[in-house]
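Written out below as structure tokens is the structure these notes cover.
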Amino acid sequence: VLPSPPTAIPGDASLTGRLVLDGRLYSMGADRALRDRGLSVERLLTSPLSHESWIWTDAGLYLHSQGRLHAVDGVDVAASDRAALGPSGALFAVSAAGVRRFAPRRDVRVEGPADASLLVTPRDFVILAEGSPEVEASVDGQPLEVLTDPLRVSVNPGELGDGSYVLDLRVSYDDGTLPVEERRSFEVVTNATWSEDVQPLYQGYCASCHGPEGPANTRLDAPSHWQDIYELILTNVVEGRMPLGRPPLSQREVALIEAWRVAGYPE
């Protein structure tokens, strides 16, 4: 039972409700326990798509994120009733220059292999960010060099070895906005041979057409045949043209073919 009627009950993306009771900020999680956050609040705004809250106090406006308060300058605190949130959590508020948009974070995007990708050859993760941010990168906790022109980090599977890894990126600015963090998991495949990996694919997918008794003119029953037209084979399987009339090869199966080539076609 609440001690008094709440003046605001917004929620956030972590399913935590924040309530203003008698001018105090409380939170309530899945355990339904009411916790006093130790703040006197005039108004509270939270978006269901954001983990942050915008909090008006008698001292000013603050952005609350991960248990910390970040002061927001340039907002008319007395005009809190003329403020609203966009769907992503950006605040539209009155300032001396008129209505301004205050984003909790800068717009940062990372281009490169998608999460849970299989890596065989060196790949770049390009960081698209405005201005001159500070970028920190690591793979499984080990620092990774950040390169420029373009801003990026490069992951070399040959240096890591076979296994599963996690790339962590942190992009931060000194203008009061919150850092942007990106995490990409990936698996490295570097060891593949004809007898253990590629020949079973040939037997399962290719032999009926490209074997000694098959109707196709192109033979693929020996490693040398694959080496002669490797690029054509890879293009056909990646684009799904081969195997003909059958489901396409999985990402892992294609990665094994690539790893075999990178290793020098071992038998």
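Annotations for the structure displayed:
- Exactly one residue among Thr177, Thr148 is more than 25 Å from Arg252 (Cβ to Cβ) and without any contact (Cβ under 8 Å) to a residue 60 or more places away in the chain, and that residue is Thr148.
- Top-ranked residue of region 62-83 - restricted to ones that are of a type in the set (Gly, Ala, Ser) and closer than 17 Å to Arg18 by Cβ, ranked as nearest to the chain's Cα centre (by Cα): Ser65
- The condition of being outside any strand (DSSP E or B) and either touching a Ser or Thr at 6+ places or on another chain (Cβ under 6 Å) or outside the structural domain of Leu147 (by TED's automatic domain parsing) (or both) does not hold for Val94.
- Of the helices (runs of 4 or more DSSP H) contained entirely in region 183-267, those carrying at least 3 residues that are more than 34 Å from the chain's Cα centre (by Cα) fall at 207-210, 223-228.
- Condition met for Asp115 (under 30 Å from Val155 (Cα atoms), in the same structural domain as Gly163 (by TED's automatic domain parsing), of a type in the set (Asp, Glu) and in contact (Cβ under 8 Å) with a residue 40 or more places away in the chain): yes
- Residue in region 97-112 that is nearest to the chain's Cα centre (by Cα), counting only those that are in a loop (DSSP other than H, G, I, E, B) and surrounded by 17 or more Cβ atoms within 10 Å (Cβ to Cβ): Gly112
- Scanning region 199-234 for residues that are under 14 Å from Val254 (Cα atoms) and either hydroxyl-bearing (Ser, Thr, Tyr) or free of Cβ contacts under 8 Å to residues at least 12 places away in the same chain (or both) returns Gln199, Pro200, Tyr202, Gly204, Tyr205, Tyr230, Glu231, Leu232.
- Residue match in region 76-85 (condition: touching a residue at least 24 places away in the same chain (Cβ under 8 Å) and under 27 Å from Glu134 (Cα atoms)): no
- Residue that is nearest to Ala192 (Cα to Cα) [pool: residues in region 113-137 that are of a type in the set (Asp, Glu) and either outside any loop (DSSP other than H, G, I, E, B) or more than 15 Å from the chain's Cα centre (by Cα) (or both)]: Asp124
The values are calculated or read from the model by the stated rules, or taken from the named source; none is laboratory data. For clarity, every value in this text was computed on a predicted model and none was experimentally measured. Note that we place each Cβ from the backbone using ideal geometry, even for glycine, and neighbour counts take in every protein chain shown.
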